[in-house]
1. Counting only residues that are crowded, with 21+ Cβ neighbours inside 10 Å, give me the strands (runs of 3 or more DSSP E) lying completely in the stretch 158-258 with at least 2 of them.
2. Which residue pairs have Cβ atoms closer than 9 Å, lie 6 or more positions apart in sequence or on different chains, and pair a first residue in the stretch 228-245 that is over 12 Å from Leu216 (Cα atoms) and without any contact (Cβ under 8 Å) to a residue 60 or more places away in the chain with a second residue that is of a type in the set (Asp, Glu) and in a strand (DSSP E or B)?
3. Please verify whether the stretch 280-292 includes one or more residues that are of a type in the set (Lys, Arg), within 45 Å of the chain's Cα centre (by Cα), closer than 16 Å to Thr542 by Cα and at pLDDT 75 or above.
4. May I ask you to list pairs of residues, at least six apart or on different chains, whose Cβ atoms are under 6 Å apart, with the first in the stretch 384-398 being surrounded by fewer than 18 Cβ atoms within 10 Å (Cβ to Cβ) and the second being of a type in the set (Val, Ile, Thr) and in a loop (DSSP other than H, G, I, E, B)?
5. Being in contact with a Gly (Cβ under 6 Å, 6 or more places away or on another chain) and either more than 26 Å from Val347 (Cα to Cα) or of a type in the set (A, V, I, L, M, F, W, C) (or both) narrows it down to one of Ile482, Ile455, Ile386, so name that one.
6. Can you tell me which condition Gly401 does not meet? The list is (1) in contact (Cβ under 8 Å) with a residue 60 or more places away in the chain; (2) under 18 Å from Ser495 (Cα atoms); (3) outside any loop (DSSP other than H, G, I, E, B), and all the others hold.
7. Taking the stretch 380-394, which residues are touching a helix residue (DSSP H, G or I) at 6+ places or on another chain (Cβ under 8 Å) and more than 14 Å from Arg453 (Cα to Cα)?
8. Among (1) more than 22 Å from Ser235 (Cα to Cα); (2) modelled with pLDDT under 90, there is one condition Ser166 misses while meeting the rest; what is its number?
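The values are calculated or read from the model by the stated rules, or taken from the named source; none is laboratory data. Remember, predicted model here, so these are calculated numbers, not experimental data. Note: ideal-geometry Cβ built from the backbone for every residue, glycine included; neighbour counts use all protein chains shown.
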Amino acid sequence: MDSQNYFEKLSEADQSRIERYVAGVLSEEEFDVFETDLQQRASLRQAYRQYVAIQAGIEEFAQQDMPKPAASPTGKQLRLTPSFALIGGALVLAIASVFFLLGRWQTPAVELAGVDEDREIFAEGFAVVESFNGVSPSHPALGKDSTLSNGVFTLEEGWCSIRFYSGAMMRVAAPASLTVQNAWEVSCERGDIDVHVPPAARGFVIHTSETKIVDLGTEFRLSVDSEASQLKVISGEVLVKHRDEDETLLTTGEGRHLPLNSNSEELTSFTENAILSEGFDPFSLTHERLSYHEWKREGRGLMNRQDVIAYYTFENGAADGVIEDFSLRGAQSSLSQDATEIGVETVPGRWPSYKTAKEFPSPGARARLHIDGEFSAMTFSAWVRINSLDRRYNALFMGDGYENGEPHWQIRDDGMLMLSFMVDTEAPTKKAKEGKHKVYFSPPIWNPSMTGRWIHLCSSFCPEKRLVCHYVNGEQVSSETIQDTYFIDALRIGSAEIGNWGLPFRRDPKFAIRNFNGRIGEMILFSRGLSASEVASLHRATSRKKMP
């Protein structure tokens, strides 16, 4: 790696310009002159890239909010233009880490702000749902990686695996009703459960109506109905306190019959629940394979639909660096609609043993594509797993230049879905460089407690019905009327990107780097505004119906 210190080779005036440029305090005139110099002078670009890299390294290590850039004398925040914000691509973070750790860079003094508790992000919950099978899709508490707080949890069909933040693992078979009290304590009113407690979770407690069971680092099974409970220790030890009886220590192989309104008895027989006797396997390959192949079968129908503009499954393609379009339209087109990967990583998808997804780890990461044609309406559908919303705007699907009729589909840092189409690039607006367009927002649909959870997002733009709608996991979360002043029904895509924005339409860095921090496992573009029932059907067709 080149360890030259380009910054120190510059004049003090140039060093000061870089520092003030990044801080956002150059005047309008200085700002324009500096960007011209960046284009013409390689030494200035090299020094600038090193400086930005070190700032990124400091922010990463400090894990603190840095002071916001100051405004220019004109009141406008001056930041980096898109062309230079993307210089260096994925190299920026790599250079930052090396220079920061080796101490080769003398950074300007930075005063780190103290922890601002009012801005700290919190999540609620005592446990997370790791897997489930055979459960109704409408179950309010169940979703991959969904959290459980204190309260009643019922299961009328199927089974699920729950990991408590204490470390205890529980599998629950329906019909069951539990009350989660905290990460260390649960009451069971009915159902069959299998509990595994590692050493770190010793002391985990299960209550029934008249019994307290304290797990001392073991695995046991419990069956509860309206008349009695049956307890069997699979391995290790548990303490049992039934009614007014003294505590009893049970060890491997022992069990108790625990009737309501009477004393406990030695367990003479125990009927194993077939599901629970399989042991802890939260991602059963059998169920995973069945679910994956069901998704593949449903996908073949989507590939042949006339209203599908493009269908990207994000599976490993025929060639490295290519994300194949499997739509009928793409197959019949004389121009390929396949996407080209730039800095994109292939990672496990919704079925980790069978399917891949794509991740966009650096500011330069993106998938570029080109789609010809004009459409009277559009619907965007994608399965995503969000790690975090790092940018003010986080790209899902973005038209390159944001010309008339081109789309922007993204997520704001507060979790709101955004869909917009440029209406008129030449129309005068308060911000003249933007052109006339309207952004249609959803309510917040994501928060940090959902990190790592796969969710289905869908947004439709239907000029015929004068309606824009957003959906999450098949359910409509918002709708808004298209007003006459923002009406447009000549929609197009042209050159575009998945997971980033390559050619912004104005000089403002907050619109320059929008790489999606997470995984995209599937994306479908439709030439119609799908109805709410059609989106619900689409969600069912593309979801993990048999996810373990």
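1. Per the criteria, 159-164, 169-182, 185-196, 211-215, 219-224, 228-235, 237-242.
2. Ile234/Asp194; Ile234/Glu219
3. Looking only at the stretch 280-292, we keep the residues that are of a type in the set (Lys, Arg), and these are 289.
Retained after the next criterion (residues that are within 45 Å of the chain's Cα centre (by Cα)): 289.
Those still in the list that are closer than 16 Å to Thr542 by Cα too: 289.
Then drop every residue that is not at pLDDT 75 or above, which leaves none.
Among the residues of the stretch 280-292, not one is of a type in the set (Lys, Arg), within 45 Å of the chain's Cα centre (by Cα), closer than 16 Å to Thr542 by Cα and at pLDDT 75 or above, which makes the answer no.
4. none
5. On inspection, the qualifying residue turns out to be Ile386.
6. All conditions are met except number (3).
7. Of the stretch 380-394, the ones touching a helix residue (DSSP H, G or I) at 6+ places or on another chain (Cβ under 8 Å) are 381, 383, 386, 388, 391-393.
The answer is Ser381, Arg391, Arg392, Tyr393.
8. Condition not satisfied by Ser166: (1).
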